[in-house]
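A short worksheet on the structure shown next.
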Amino acid sequence: FLAFFKWACEKWDFDGLELDWFRHPLFFRFGEEQANIENINQWVRDVRAVLNEIGRKRGRPYLLTARPPDTPQIALRTGFDVEQWLKDGSLDMLMIGGGYLPYGGRLKEFIDMAHQYGIHAYPCQNHFIKAQPMQSIASGFFALGGDGFYMFNYGGVHPNIPGECLSQIGDPS
């Protein structure tokens, strides 16, 4: 995967790369998660190093973000030490949650953890509803301390979301 990321990131001039650990949360055989934590930590450091090298060559940073399982505890049980990634300076931002339960998500722990290391945290919304509920969800994310609103799988203006709603949900006021 590291070689593929290097190839793709050198070939296309993206702003950054997201490691989406949320969508398929089982990466190790049961019982082998803890034994692989340091392997994943090193791999994330290696991805960061590759992106830093590409960023230096192109004259601007290549950002790295991750979307881990729901909470720090679930992430650790799955084999992902997100706090170590933040301590190492491997991430430029952190995407939080799957976006399926915006009012019931356990987002605050990761928001606070990211901020402890000076990293922006973006809670996720995954389905698109009418403007007023989207504004309510965004308001809740900002109240929790989120730095923005991560719209997962958003492909453009949706008939239920007027265009002006997009600028409204990006502004805490």
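The values are calculated or read from the model by the stated rules, or taken from the named source; none is laboratory data. Just so you know, these numbers come straight off a predicted model, no measurement behind them. Glycine gets a Cβ as well: all are built from the backbone with ideal geometry, and neighbour counts include every protein chain shown. For accessibility, only protein heavy atoms count, side chains too; no ligands or nucleic acids. Shrake-Rupley method; radii C 1.70, N 1.55, O 1.52, S 1.80 Å.
Brief remarks follow.
- With loop membership from DSSP and a limit of 14 other Cβ atoms within 10 Å, the longest segment of the chain without trypsin sites (Lys or Arg not before Pro) is 30-105.
- For the chain, the longest principal axis of the Cα atoms and the long axis of helix 131-143 meet at an angle of about 50 degrees.
- Counting only heavy atoms of the protein chains and using a 1.4 Å probe, residue 17 has close to 30 Å² of accessible surface.
- Principal-axis tilt of helix 37-58 within the chain, Cα atoms, nearest 10 degrees: 80
- Local electrostatic count at residue 3 - Lys and Arg +1, Asp and Glu -1, tallied over other residues with Cβ under 13 Å: 0
- Computed label-point distance, nm, for sites residue 135 and residue 7 using a 7 Å Cα→Cβ extension: 4.8
- Which listed pairs, of 87/130; 87/108; 6/108; 57/87, have C-alpha distances above 28 Å, in listed order: 87/130; 6/108
- For the stretch 102-143: span of alpha carbons on each principal axis (Å, largest first): 35, 16, 16
- Carbon and sulfur %, accessible surface of the chain computed with the full protein complex present, 1.4 Å: 55
- Net +/- balance of residues flanking residue 134 in space, Cβ distance below 14 Å, scoring K and R +1, D and E -1: -1
- Surface accessible to a 1.4 Å probe, residue 92 within the full protein complex, Å²: 60
- Note on residue 93: accessible area is roughly 40 Å² with a 1.4 Å probe, heavy atoms of protein only.
- D_trans [Stokes-Einstein, Kirkwood Rh over alpha-carbon pairs] for the stretch 1-90, 20 °C, 1.002 mPa s, µm² s⁻¹: 156
- For the chain, accessible area per residue (1.4 Å probe, heavy atoms of protein chains only), Å²: 54
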